[in-house]
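Working notes, structure below.
No lab work stands behind these numbers, since they all come straight from the coordinates. Treat the numbers as computed from the prediction; the structure is a model and nothing was measured. Cβ placement follows ideal geometry from the backbone for every residue including glycine, while neighbour counts extend to all protein chains displayed.
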Amino acid sequence: MALEPLQKTPDMTAPAREHHVAAPSTTHAAPAVDAGRLFAGSTATEGIGSSQLSVPGKRSGTAVDTAAPGSVTEKAPTPEESSLIKDYVDVVTESFMWFSNEAEAKVGALREDLKRVDPPSWSEQLATFVLESALAAGAQAGGLALAAKIVTSDVAREFLQNIFASGVTGGVDAGRAKLTRGSDDNVIGPFIESQSEGVRARQQLSQTEFLMNGRHQIKTVSQAYELSAACARPNAVAAAGHQYNASRDAWVSYVAQQRFGSVSSKVGPLATVGTRAPWIDVGEVTTNMTNQSTRDRDRSHPSGALTTPRQAPDWGDAAIGDSPGVLTLVVDLPAITRTYGTTYGGLPRPTAEFEMQGVPSVALAILNGVNDTVRKQYVGQSLAASRIPRQIVARVSGGANFTLNLDEKGHVAQRPADIKWLASRAVIEKPERWTFDDEDNHVRGIQLLLKDLVPVEIVDKVLP
């Protein structure tokens, strides 16, 4: 796929302005947005920005968003306003190139970080799966980072969350072309080259979409200014750093899926050999984190041996360095007890409140299949923020132990046999949850547990 260089704009006059705004949660994918209709039909008072916004560069006497409240008539910009809008929109256009250049440099740095490890065998199928994941995740995280700079407009924030999304499919197509020369003796090179080419194509195609559609829907100076301030070069460069994380996580997923297999959201377990026809949509692909009994059952079917590897993730294997790509934690969970009051007669009476006798702690964290450089990057962040396969082996004080296997997206492979501790953890957060059943509560309990668990050290293995 031949790609033109990213469009450069000659005039970038909008100054960068830092806004200190809490970043939106990255635990959920941003909703799809039609960039071409975001600002269509908006009145001057309903547009991005507000009349209270101080707009640098505004000429004396230039009206900004002066339509009367409730007006359905859009005021045409003056020549001076049109000039300002163009200047600010040019900065947004340029931000695609700033992001692309920095993201490609970050992916290039990942190549060096991955060299200090023995790579797994080559699978073009798997490399395509994780390419799709990395480009989508990098686009989402980068867009969210820019959106966090928006102060006044929810519509502008939503627009920026999705500003790089339109080029993901084309980016995958471009990156896939780099995978054809991969082999067991050449794994890291094609992997990185596909990521880099995919990022460049994604940004170029997203920029084209903005030039063809999005920019023409920006109608006022304040709309244009707030978008340009959010997309200023320092912000775009910083947002591009998220692409390194997305591509790094994709590599860890590649390592895990080579050993434990892949699961599609649409067709179930997938063979990881051969190549997939590009027109076949298998949906979201993640690591097969099913336990041993489930694998044994699946492999009893004729197709199971082709799609489901024999070995399941297991912390015992991780301890000896044989559970690649899965962040394995052994954790100690404190007892959760129900509080008691008294009846009018002085007898003990259970209340709706629960108390946790301590805090969850990480006793051991292991990650095989990667080097120390990559492994250390997961230290100090909660399991909720880690976008790689995870296994939690929980030792519960005064209760039943359990194991949780989660894939890159946070999907739990199997419901634990005993969910009492997890359900009680949710009630501690909100006592009114005691009226809910354990099935509902334990899902929230898992989310809270992932936030609670933060490894301070991750080792390669604990046994020789």
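A few notes on this one:
- Two numbers describe the Cα atoms of the stretch 160-309: Rg and Dmax, which are 19.7, 65 Å.
- Relative to one another, the C-alpha centroids of the stretch 175-249 and the stretch 437-459 are positioned 32 Å apart.
- Rounded to the nearest 20 debye, dipole of the stretch 346-464 from Cβ charges on Lys, Arg, Asp, Glu: 200
- Flagged links, alpha-carbon separation over 25 Å, of K149/K219; K115/K451; K266/K420; K409/K451; K420/K451: K115/K451; K266/K420
- Over the stretch 98-167, equivalent-ellipsoid semi-axes from the Cα gyration tensor in Å: 31, 15, 9
- Peptides ranked, highest mean first, by Cβ atoms within 10 Å: ranges 128-135, 80-87, 319-326, 374-381: 128-135, 319-326, 80-87, 374-381
- Computed on the stretch 353-464, the Cα convex hull volume stands at 115 Å³ per residue.
- Less than 5 angstrom separates the built amide H of V370 from those of G325, all sequence-distant by 5 or more or on a different chain.
- Cross-link reach list, aspartates and glutamates versus K461, counting only Cα pairs under 14 Å and skipping chain neighbours closer than eight places: D314, D317, D322, D372
- Each label was represented as a point 7 Å from its Cα along the Cα-to-Cβ direction; for T152 and Q311 these points are 5.9 nm apart.
- Fraction of alpha-carbon pairs over 19 Å apart in the stretch 405-459 - percent: 32
- Label-point gap, in nm, between E429 and D184 - each point 7 angstrom along Cα→Cβ: 4.6
- Centre-to-centre, using Cα atoms only, the stretch 280-309 and the stretch 86-144 are separated by 29 Å.
- Relative contact order of the stretch 128-169, defined on C-alpha pairs under 8 angstrom at six or more residues apart (%): 47
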